Number of protein chains: 2
Amino acid sequence: MGRHREFDVEKALDAALCVFWRKGYEGASYADLTEAAGVERPALYSAFGNKEALFRRALDRYYERYMDFIPEALQLPTAREVAAHILYSAADLHTRYPSHTGCLGINGVLAGSDEAEPVRQALIDARAAGEAQLRERFERAKAEGDLPGTANPDALAAFVMAVSHGMAVQGKAGFSRGRLEAVAEQALSTWPSDRTPELHPEP
Amino acid sequence: MGRHREFDVEKALDAALCVFWRKGYEGASYADLTEAAGVERPALYSAFGNKEALFRRALDRYYERYMDFIPEALQLPTAREVAAHILYSAADLHTRYPSHTGCLGINGVLAGSDEAEPVRQALIDARAAGEAQLRERFERAKAEGDLPGTANPDALAAFVMAVSHGMAVQGKAGFSRGRLEAVAEQALSTWPSDRTPELHPEP
DNA sequence: GTGGTTTAGTAATGGCCATTATGAAAAAGG
DNA sequence: CCTTTTTCATAATGGCCATTACTAAACCAC
């Protein structure tokens, strides 16, 4: 029993996600969030708890809704296709929405006050989880002979993530999608292989 | 005439630089800055103006004192050496000081409140200036035949910067120097050349 | 209907933020 | 020594921050 909620919690979360994406965790004020959600302050608090909890919910949703290209990539047949899919998808995502460029996982908190430390750590953990999946995928590729025996899955995973993070920084700085794709192409240009590398496949 | 300043302005600036490096522009409070500088609030204001001006001074000093490997790199004989020097120097810088890892130019502001927009733009401009120098250096390398005719100086410069920014993100996340060097090495393995890339031998 | 329960909206609360007014202390010129 | 000028340090100022009382309204069970 009791009164029904008059706003759509999912829509409010989406609105908050966009604000956090644009301004980061500390740069987004509760005034920004409530305005974007079209909801009064206490309503957001009652629905999500506090700002940190709201951010964590937004981050979960971000991985689920926007970083879905990572699980997709991991299922591709070759390590090179995995890397290419991740890099080109990142180039797209980081420039897709002019009002919130870059990556929530990077924009969220890179450096901030001590109060933001738990959130910063959560973002680090989330990125580390993705990198670990990627490393495991490359280890499998090595075992399958898809990557040469000299390949270093750990370094390759860190490299793909680094390029992706760098593209996020550049996307937030206003780089065009084409420019980020050129970065992705360069990163892939001589993927380790037993055969001589072919130049840019992928859409 | 008048009373002499009792603190070393350069030392105060160095202290502020470290705080900004660690916490970013918005994450660093004036309380943090004055404590680190060992100087009372009004003294910092009288010496530097306001927080934004202090940050800009710190940023200038950062490029002058810590990013000096860029002008160094530009004078090396080959494009590959230029890129290698930048990437390995970045790997070192971003992990050199445990108390302020990553890069001030990235940690400063990636995303923030509207109030931080001028500072964010200043950082974007500073990075763009470095990238432009790099692109010009690669154009020269292409003209000199050091880079193949198919090479794209613009993409190469953006790529080197992206990897460098990615390493900054990873450095701030606690990656070791060795791991960042592995990323640098991987990035350089994609470097264009007229010779066919060395193949990885089968075991 | 009526009582119990949940939400909505207004308007506070205390805290930290950048910035500065105020006046004492110190140095230099005359 | 006294005046002028600059710096120092304490302590304020107003604003924005996240968070929440509080009151009124809406809903359900009975």
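The values are calculated or read from the model by the stated rules, or taken from the named source; none is laboratory data. A quick note: this is a predicted structure, and the numbers were derived from the prediction, not measured. Note that we place each Cβ from the backbone using ideal geometry, even for glycine, and neighbour counts take in every protein chain shown. The protein model used for the area step is the full one, side chains on, heavy atoms only, and it has no ligands, DNA or RNA in it. Shrake-Rupley method; radii C 1.70, N 1.55, O 1.52, S 1.80 Å.
Observations, loosely collected:
- Test result for B:Gly38, more than 15 Å from DNA strand C (Cβ to nearest atom), of a type in the set (Gly, Ala, Ser) and not assigned by TED's automatic domain parsing to the domain that holds B:Ala182: yes
- Test for B:Tyr45: is it in contact (Cβ under 8 Å) with a residue 12 or more places away in the chain and within 11 Å of DNA strand C (Cβ to nearest atom): no
- Residue match in the range B:157-166 (condition: farther than 22 Å from A:Leu123 by Cα, part of a helix (DSSP H, G or I) and in contact (Cβ under 8 Å) with a residue 40 or more places away in the chain): yes
- Within the range B:19-48, tally of residues that are of a type outside the set (Ser, Thr, Tyr) and more than 12 Å from chain A (Cβ to nearest Cβ): 13
- Apart from one condition, A:Glu64 fits all of (1) within 9 Å of DNA strand D (Cβ to nearest atom); (2) more than 14 Å from every other protein chain (Cβ to nearest Cβ); (3) open to solvent by 20 Å² or more (accessible area, probe 1.4 Å); (4) closer than 18 Å to A:Asn107 by Cβ; the exception is (1).
- The range A:109-128 residues that are farther than 18 Å from B:Phe175 by Cα and within 8 Å of chain B (Cβ to nearest Cβ), paired with ones that are crowded, with 16+ Cβ neighbours inside 10 Å and aliphatic (A, V, I, L, M) (beta carbon under 7 Å, 6 or more apart): A:Ala116/A:Val109
- In the range A:16-33, the qualifying residues are those that are part of a helix (DSSP H, G or I) and near DNA strand D (Cβ under 8 Å from one of its atoms), and the one that is nearest to the chain's Cα centre (by Cα) is A:Glu26.
- When the range A:48-61 is filtered for residues that are within 7 Å of DNA strand D (Cβ to nearest atom) and in contact (Cβ under 8 Å) with a residue 12 or more places away in the chain, the ones remaining, listed by number, are A:Lys51, A:Glu52.
- A:Val39 satisfies every condition listed in (1) in contact (Cβ under 8 Å) with a residue 24 or more places away in the chain; (2) within 26 Å of A:Lys172 (Cα to Cα) except (2).
- Hits in the range B:133-148 (condition: free of Cβ contacts under 8 Å to residues at least 12 places away in the same chain and small (Gly, Ala, Ser)): B:Ala143, B:Gly145
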